[in-house]
Amino acid sequence: MFYGVELRSRLLLGTARYPSPAILERAIKASGAEVVTVSLRREGGSGRAGQSFWSFIQSLGLRVLPNTAGCHSVKEAVTTAHMARELFDTKWIKLEVIGDDDTLQPDVFGLVEAARILSEEGFEVFPYTTEDLVVAERLIEAGCKVLMPWGAPIGSARGLNNVYGLRTLRAHFPVIPLVVDAGLGVPSHAAAAMELGYDAVLLNTAVAEAGDPVEMARAFALAIEAGRAAHLAQPMEPRDMAVPSTPVIGKAVLGG
Amino acid sequence: MRIFLNDDAHDVEPGTLAAALESLGFGGRKIATAVNGRFVAAAARPKTALSDGDRVEVVAPMQGG
């Protein structure tokens, strides 16, 4: 449930870096995603790429989540959010304020500031953040009703770098929707996030750059469903010593 | 007068943002605009006068993650 919108699918899918629009479309269908992320970029008077992408997005009939990718300052991110709201006709914004070019780590200070400005202006902010607990609290104070901590740096395919931190965040915020955004590589990473009790997963590169993006989209959808079911089924706690699964009582005594 | 649209210099007739966009081929297009770093809503473009040296940003929908 994001800002009052109930979704069936727990996978949010990015639309960038696919081999072709046809493969993107099939991957979206295979993923079952009901939300796709989009962006905006400069276009010249003779350019048509943006217009054709817009037609494509409209034809999908899905909800869009525009991002502020590439923004490094609060001012840039806020202006980009305003442009996105008008272009895509949505209050939703995936807020990215990048602080470091090598890791694409969010500038959490700018993020909180931009989140406060945009929330006050009526935006429904999906902040791309780290797993830092105190930053998460500040984002909620700023008006965010969803948090999107990274699993690992964007496009790195490393999975969940800090499982402890993500688990702590979930324990600390049992109600607010939490989405692992970025850094996943394979479906088991997504399953692990869902097993931790996360509400959803946002992916792009892991699907788009797979050898077969359509099959990978389907695989992620299955993993997310499996991970969610596992979470609801209350996994047992790990322990150090073996415990026989087959009952010992009644075993034949055969000497030896 | 000269304006900078997405960093490229263009000579346009003095007038509004809407008129400049029309003359540069953006009429009827799905775009969003900013002038000198400030967002200008579509409805405000006909009322927004441009000055010599203004920096206009024009963006369109694009794939994103």
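The values are calculated or read from the model by the stated rules, or taken from the named source; none is laboratory data. Remember, it's a predicted structure, so these values are computed and weren't measured experimentally. FYI the Cβ positions are ideal-geometry reconstructions off the backbone, even for glycines, and counts take in every protein chain you see. Keep in mind that these areas ignore ligands, DNA and RNA; they rest on the heavy atoms of the full protein, side chains included. Shrake-Rupley method; radii C 1.70, N 1.55, O 1.52, S 1.80 Å.
A full extension of the chain between A:E141 and A:D240 corresponds to an added length of 31.6 nm, given 0.36 nm per residue minus the alpha carbon distance. For the pair the stretch B:1-54 / the stretch A:179-256, the C-alpha centres are spaced 52 Å from each other. Taking Cα atoms only, the orientation of helix A:21-31 departs from the longest principal axis of chain A by about 40 degrees.
Solvent-free Debye calculation, one equal scatterer per alpha-carbon of chain B: log10 I(q)/I(0) at 0.16, 0.18 Å⁻¹ equals -0.47, -0.59. Antiparallel beta bridges, as assigned by DSSP with both residues in the stretch A:88-212, represent about 10 percent of the total such bridges.
Rounded to the nearest 20, the size of the Cβ-charge dipole of the stretch A:1-110 about its Cα centre is 440 debye, with Lys and Arg at +1 and Asp and Glu at -1. Size descriptors for the stretch A:105-171 (Cα atoms only): Rg and Dmax, in that order, 12.0, 36 Å. Averaged over the residues of B:50-61, the number of partner chain Cβ atoms lying within 10 Å of the residue Cβ comes to 5. In chain A, the longest principal axis of the Cα atoms and the axis of helix A:213-232 are about 60 degrees apart.
The spacing between the stretch A:123-147 and the stretch A:1-56, judged by their C-alpha centroids, is 24 Å. Our helix-only sum for the protein assembly as shown, with -39,500 (n - 2.57) per DSSP H run of n ≥ 4 divided by its residues, gives a mean residue ellipticity at 222 nm of -10500 deg cm²/dmol. When A:E209, A:E225 are compared by accessible area at a 1.4 angstrom probe, the order from most to least is A:E225, A:E209.
The amide H of A:E34, built 1.01 Å from its N in the peptide plane, has A:S9, A:L11 as neighbours under 5 Å, considering only residues 5 or more places off or on other chains. Computed from Cα atoms, the angle from the helix A:74-88 axis to the main principal axis of chain A rounds to 90 degrees. Ordered from largest to smallest accessible area (heavy atoms of protein chains, 1.4 Å probe), the residues A:S52, A:S39, A:S245 come out as A:S245, A:S52, A:S39. The trypsin sites (Lys or Arg not before Pro) of chain B include none that DSSP puts in a loop with a beta carbon having at most 15 other beta carbons within 10 Å. By its C-alpha gyration tensor, with a ≥ b ≥ c as the square roots of the eigenvalues, how is the stretch A:141-245 shaped: rounded for a/c under 1.5, else prolate for a/b larger than b/c, else oblate? Because a/c hits 1.5 or more and a/b fails to exceed b/c, the stretch A:141-245 counts as oblate.
Pair-distance distribution P(r) for the stretch A:148-203, from all Cα-Cα distances in 5 Å bins starting at 0: 5, 24, 37, 24, 8, 2 percent. Using a simple spin-label model with pseudo-atoms 7 Å out from Cα toward Cβ, A:S188 and A:S46 lie 5.1 nm apart. With labels modelled as points extended 7 Å from the Cα through the Cβ direction, what inter-label distance (nm, one decimal) is found for A:M1 paired with A:T168? With each label placed 7 Å out from Cα toward Cβ, I get 2.8 nm. Given axes a ≥ b ≥ c from the Cα gyration tensor, I'd like to know whether the stretch A:1-50 is rounded (a/c under 1.5), prolate (a/b larger than b/c) or oblate. Because a/c hits 1.5 or more and a/b fails to exceed b/c, the stretch A:1-50 counts as oblate. A quarter of the convex hull surface defined by the alpha-carbon atoms of chain A gives 17.9 nm² as the mean projection.
Our summary gives the stretch A:113-234 a relative contact order of 20 percent, counting only alpha carbon pairs under 8 angstrom and 6 or more residues apart. Across peptide A:55-61, the average count of Cβ atoms from other chains found within 10 Å of a residue's Cβ is 1. Rolled with a 1.4 Å probe across the full set of protein chains, the surface gives A:H82 an accessible area near 30 Å².
Could you please state how large a percent of the accessible area of the stretch A:37-150 is carbon and sulfur, counting protein chains only and using a 1.4 Å probe? Please report the intermediate quantities before stating the final value.
Numbers: 2260 of 4590 Å².
Whole-percent figure for carbon plus sulfur exposure: 49.
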